[in-house]
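The next block holds one structure in the form of structure tokens; read it before the comments.
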Amino acid sequence: MQYIRRRDGWFLGRAPSPRPAMHVPNELLSKIAACLPLRDRCQAVYTSRQWRDAFLTTPFVWDHLEILFFTKNRDGYRSWVALMQLLLKRNAGRPLTLDFEVFPTPTTRPSRAALERVYDLIALHMPHMKSLSLAIPSAHYLPFFDVHATILETLRVKIGGIEDDEHMPVTLFAGIAPRLSTLYLHTIDLPRAPCPALRRVENLLFHDENEITDMFVYDIATGFPSLTTLTVTTDEGFAADGVGLPVFPGTRNVVSLRLNVRVGMEHMVALFPKAQSIAYSCSSANGRDNGPDATQTVRRTLCAAEHPTSIEIRWASLHVELPWFFQPDSEPTLVIVLDGHKVIVDVVLEAVQAALTVNMMKSLVPRAEKIVVPEELWDVFSRRKLLSELDVTLILRDWTATLGTVYRQQSVSSLTLVRASGDEDVVLSAALLSAFVQSSLAPNTLRRVVLAGFHLDDPSAFIHIGVDVRLTSLWRDTPDDDLWTWDIAKTALEV
């Protein structure tokens with residue numbers, strides 16, 4: 001007990017305990033801060049004196065800097081260098097990940113002098129740069145490309161200007177980038193000759209607004225001897241001109257190929273004979289709604305599959321077509337995975353439905369042991385005689401209508417029902433589910449039911465028939481690790 005001073009006098013009592021946040025050790029605060037986006041880290045510095053001391057005296061908090069330079073005032077660009085200097089000083093020479101975009105407005109563009117000062121500052125820190133992502137107006141005067149990049153692992157370059165015929169320099173990093181393994185290039189061409197700094201690149205992601213020819217494949221074959229994964233998107237498709245034919249054997253190291261659906265892209269596949277995994281993005285096929293090109297691509301890809309044992313067709317967010325900062329607003333599309341290999345992304349439901357003809361289903365499902373499909377496609381699959389002891393997952397948007405429909409009976413040992421969306425679990429009628437099981441599944445075959453995003457109103461309803469009912473959390477759409485997406489807009493510090 002002690003005397004406590006209040007506004008109306010002194011009283012005998014217990015002193016209030018310090019705020020819980022003040023008990024958090026600085027080491028823990030620093031680890032929390034390192035997980036925050038840069039803009040949140042900068043705001044948190046002003047929360048309290050303890051937070052400020054913890055954040056500003058711990059270099060690893062500033063290992064990842066995401067900066068979006070956006071201003072409507074031309075004078076605003078004058079603060080760039082001071083801000084960059086401050087943030088880079090906090091990093092204290094640790095391995096650095098820098099995501100940097102210049103976003104000029106229609107009426108205000110940064111002066112060349114302002115950009116050059118920022119570029120010079122980046123060049124000073126290239127010796128400890130681990131990952132560098134750039135979205136800039138032009139590839140002219142980039143002094144950081146002249147500096148050795150001894151620990152750089154990932155390089156992303158997106159050019160947003162209107163100048164044509166911009167190439168990566170042959171003398172990139174003065175030929176010294178021993179750890180560079182992943183390269184993104186958006187609207188900037190490959191070097192005009194083999195570049196020593198790129199000889200160890202294993203993953204290349206390339207986007208061109210123009211038509212790609214086999215001269216591009218020639219450049220790949222001669223300039224990227226370590227390449228194993230190639231992702232290519234183009235607005236105008238692919239056309240062979242015969243230039244690269246003598247050296248195409250150099251592409252045999254590429255085992256994973258990812259392409260968007262455009263005219264002639266299927267011919268490009270033939271130039272990579274060792275590609276074991278081929279995936280297509282349909283986001284640009286015949287516009288937003290895909291169309292006949294997407295349907296043909298799905299049909300051709302499924303025909304090439306050799307009786308898969310696992311078929312997954314599930315909803316997923318639309319990918320960004322090679323590095324860009326802003327995720328487009330759009331309806332979810334489908335991704336197709338066969339035997340664990342992603343073969344189609346960004347395809348709309350209608351294109352898949354059109355591709356799953358009777359003849360297609362005859363060759364696709366005979367050996368399928370696991371099937372994951374949206375409710376809209378289960379009718380197509382259930383018409384075929386499927387294997388016994390089947391593992392089926394249905395992704396439901398209108399579960400009442402789906403479970404109230406009678407399908408051809410299948411021998412299903414495990415049935416998983418997943419809600420397609422929603423933040424909270426909903427109550428599912430045990431009577432409705434029981435009727436579906438009795439009408440659409442072969443008698444005495446079902447042993448397990450898994451509900452994701454549902455609660456059963458009467459869990460005991462299936463005990464008497466020996467069916468184990470399990471509840472699990474709703475499936476979440478997790479970001480793909482296939483390098484198609486590069487989006488920092490939601491976490492960047494805007495200046």
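Contact annotation: residue pairs with Cβ atoms under 9 Å, 6 or more positions apart or on different chains, pairing a residue in segment 201-220 that is over 17 Å from residue 264 (Cα atoms) with a partner that is part of a strand (DSSP E or B) and of a type in the set (Lys, Arg), are 205/156; 205/258. Residues in segment 162-184 that are surrounded by 15 or more Cβ atoms within 10 Å (Cβ to Cβ) and either in contact with a strand residue (DSSP E or B) (Cβ under 9 Å, 6 or more places away or on another chain) or not in a loop (DSSP other than H, G, I, E, B) (or both): 168, 172, 173, 177, 180, 181, 182, 183, 184.
When the residues of segment 448-457 are filtered to those that are of a type outside the set (Phe, Trp, Tyr) and surrounded by 14 or more Cβ atoms within 10 Å (Cβ to Cβ), which remaining residue is farthest from residue 400 (Cα to Cα)? Step by step, filter segment 448-457, then rank; the result is 448.
Would you confirm whether any residue within segment 433-454 is in contact with an Asp or Glu (Cβ under 8 Å, 6 or more places away or on another chain), in contact (Cβ under 8 Å) with a residue 24 or more places away in the chain and among the small types (Gly, Ala, Ser)?
Going through segment 433-454, the residues in contact with an Asp or Glu (Cβ under 8 Å, 6 or more places away or on another chain) turn out to be 445, 447-449, 453-454.
Still in the running and in contact (Cβ under 8 Å) with a residue 24 or more places away in the chain: 445, 447-449, 453-454.
So of that shortlist, the ones also among the small types (Gly, Ala, Ser) come out as 453.
Yes; the residues of segment 433-454 include at least one that is in contact with an Asp or Glu (Cβ under 8 Å, 6 or more places away or on another chain), in contact (Cβ under 8 Å) with a residue 24 or more places away in the chain and among the small types (Gly, Ala, Ser).
Could you please let me know if residue 159 is surrounded by fewer than 18 Cβ atoms within 10 Å (Cβ to Cβ) and either of a type in the set (Val, Ile, Thr) or within 21 Å of residue 101 (Cβ to Cβ) (or both)?
On the way: surrounded by fewer than 18 Cβ atoms within 10 Å (Cβ to Cβ): no; either of a type in the set (Val, Ile, Thr) or within 21 Å of residue 101 (Cβ to Cβ) (or both): yes.
Against the criterion (surrounded by fewer than 18 Cβ atoms within 10 Å (Cβ to Cβ) and either of a type in the set (Val, Ile, Thr) or within 21 Å of residue 101 (Cβ to Cβ) (or both)), residue 159 does not qualify.
Scanning segment 72-97 for residues that are modelled with pLDDT under 85, buried (at least 19 other Cβ atoms within 10 Å of the Cβ) and not aliphatic (A, V, I, L, M) yields a count of 2.
Only strands (runs of 3 or more DSSP E) whose full extent lies in segment 344-422 are considered here, and the ones with at least 2 residues that are more than 30 Å from residue 262 (Cα to Cα) are 390-396, 412-419. Residues of segment 414-431 that are exposed (fewer than 15 other Cβ atoms within 10 Å of the Cβ) and either among the charged types (D, E, K, R) or within 28 Å of residue 387 (Cβ to Cβ) (or both): 423, 424. Here segment 380-394 is the region considered, the condition is being surrounded by fewer than 17 Cβ atoms within 10 Å (Cβ to Cβ) and charged (D, E, K, R), and the residue that is farthest from the chain's Cα centre (by Cα) is 385.
In this entry, residue 283 is excluded by the filter for residues that are small (Gly, Ala, Ser), over 30 Å from residue 200 (Cα atoms) and at pLDDT 85 or above. Residue check: residue 200 meets all listed conditions (1) part of a loop (DSSP other than H, G, I, E, B); (2) surrounded by 21 or more Cβ atoms within 10 Å (Cβ to Cβ) but one, namely (2). When residue 113 is tested against the conditions (1) of a type in the set (A, V, I, L, M, F, W, C); (2) at pLDDT below 80; (3) crowded, with 16+ Cβ neighbours inside 10 Å, the lone failure is (3).
The values are calculated or read from the model by the stated rules, or taken from the named source; none is laboratory data. Since the model is a prediction, treat every value here as computed from it, not as a measurement. Ideal geometry is used to build each Cβ from the backbone, glycine not excepted, and the neighbour counts take in all protein chains shown.
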